Amino acid sequence: ASLQPHRSRYWKTATIDETFLPLAAKVLWCYERVAWLHERGEIVLCLDEKPNIQALSRAIPRQLMSAGRIERREFEYQRHGTVTLVVALNVYDGTMRGWCVDKNDHEHFLWCVRQVARSYRHARRLHLIMDNGGSHIDQQTKAYFATHPRLRVVYTPAHASWLNQAELLLRAFTDKYLDRFDCESRQQLIDHLNASWPEYNRRFAHPFDWSWTRRDLYAWAEKKGAAICTKTYATVH
C-alpha cells in the first residue's frame with residue numbers, strides 16, 4: 001500500500017501573525033534582490049551555527065563497503081569533546097566561510113560577526129540573515145549591531161528558520177564532511193572542519209535555487225487562513 005511505516009518526518013509549524021509576514025517579507029526581499037544588491041556593493045549573507053559537534057572515535061576502525069557488503073561501523077565510541085561551527089553563506093555565489101568556536105554564546109558569535117565584517121570590508125553594506133537563536137538576540141549582540149550601521153540584521157520569524165539558506169548549507173556540508181567522519185581528538189575535528197569548508201567552496205559551492213518570493217508568501221499565508229495577509233503588502237525597506 002506504499003505506506004512506508006519505517007519512515008517519518010518532522011515539520012515545524014510557523015505562527016502566521018502580524019509579525020510573521022513582515023519579517024518573512026524582509027528575508028525574501030533580500031533573496032529577490034541579491035544580484036541587484038551585489039551590483040550596488042551590498043552583500044547578502046546567511047549566518048547559522050551547528051552547535052556541539054561531537055568529536056568521536058570508534059573502538060575499532062570502520063570497515064569499508066565491498067562487493068555484497070555495506071559499510072560497517074563499530075557501535076562503541078569514545079568522546080573527545082565538542083566543537084561549534086559558525087558559518088556565513090554568501091547568497092550571491094553560494095560560497096561559505098566557517099569558524100570553529102568553543103561555545104555557542106554571544107561572545108563567540110560576535111567574534112565571528114567581526115570576522116565576517118572584516119572579510120567583506122570592501123562591501124558598502126552587509127545584510128545578515130539569521131534566526132532568533134540566543135546568541136543572535138542577546139542584548140550585547142543587539143547593542144553591537146546598533147553601533148555598526150553597515151551591518152543590517154534581518155531576523156527570520158519565530159519557527160521559520162527554514163527561511164535561512166544557511167540551514168540548507170549546513171545540511172549539505174554535514175552530509176559531505178561530517179556524517180562519516182571519525183577523529184581521535186577534538187583538535188583533529190577542528191582541523192578537519194577548517195580544511196573542509198574551503199574544499200566545499202572549490203568543489204560544491206553554487207547559489208541555491210531559491211524561487212519562493214513574497215508573492216508566494218502572501219498566497220501561502222492566505223491559503224492557510226491568515227486574515228492579516230490582506231493588509232501586509234507593505235513596502236519592505
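At a glance:
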{"item": "Label point distance in nm, residue 208-residue 39, each placed 7 Å from Cα along Cα→Cβ", "result": "2.5 nm"}
{"item": "In sequence order, calculated HN-Hα J values of the stretch 76-91 (Karplus, 6.51, -1.76, 1.60; Hz; x Gly/Pro)", "result": "6, 8, 10, 8, 10, x, 10, 9, 9, 9, 9, 10, 10, 9, 7, 5"}
{"item": "Sites matching trypsin sites (Lys or Arg not before Pro) across the stretch 110-175 that sit in DSSP coil, with at most 13 neighbouring C-beta atoms within 10 Å", "result": "121, 124, 150"}
{"item": "Value of relative contact order over the stretch 1-148, rounded to a whole percent, pairs C-alpha under 8 Å and six or more apart", "result": "23 percent"}
{"item": "Once exposed loop GluC sites (Glu not before Pro) are cut out (DSSP; at most 15 other Cβ, 10 Å), longest piece of the chain", "result": "77-183"}
{"item": "Share of pairwise Cα separations in the stretch 4-54, more than 14 Å, in percent", "result": "73 percent"}
{"item": "Förster-model FRET efficiency, 25 Å R0, residue 188 and residue 216, C-beta, rounded to 0.05", "result": "0.05"}
{"item": "Cβ-placed point charges (K, R +1; D, E -1), dipole of the chain about Cα centre in debye, nearest 20", "result": "340 debye"}
{"item": "0 to 90° range, to nearest 10: angle between helix 214-223 axis and the chain longest Cα axis", "result": "90 degrees"}
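Coordinate-derived values only; no laboratory data. All values derive from a computational prediction rather than experimental measurement. No Cβ is skipped: glycine too gets one built from the backbone with ideal geometry, and neighbour counts run over all protein chains shown.
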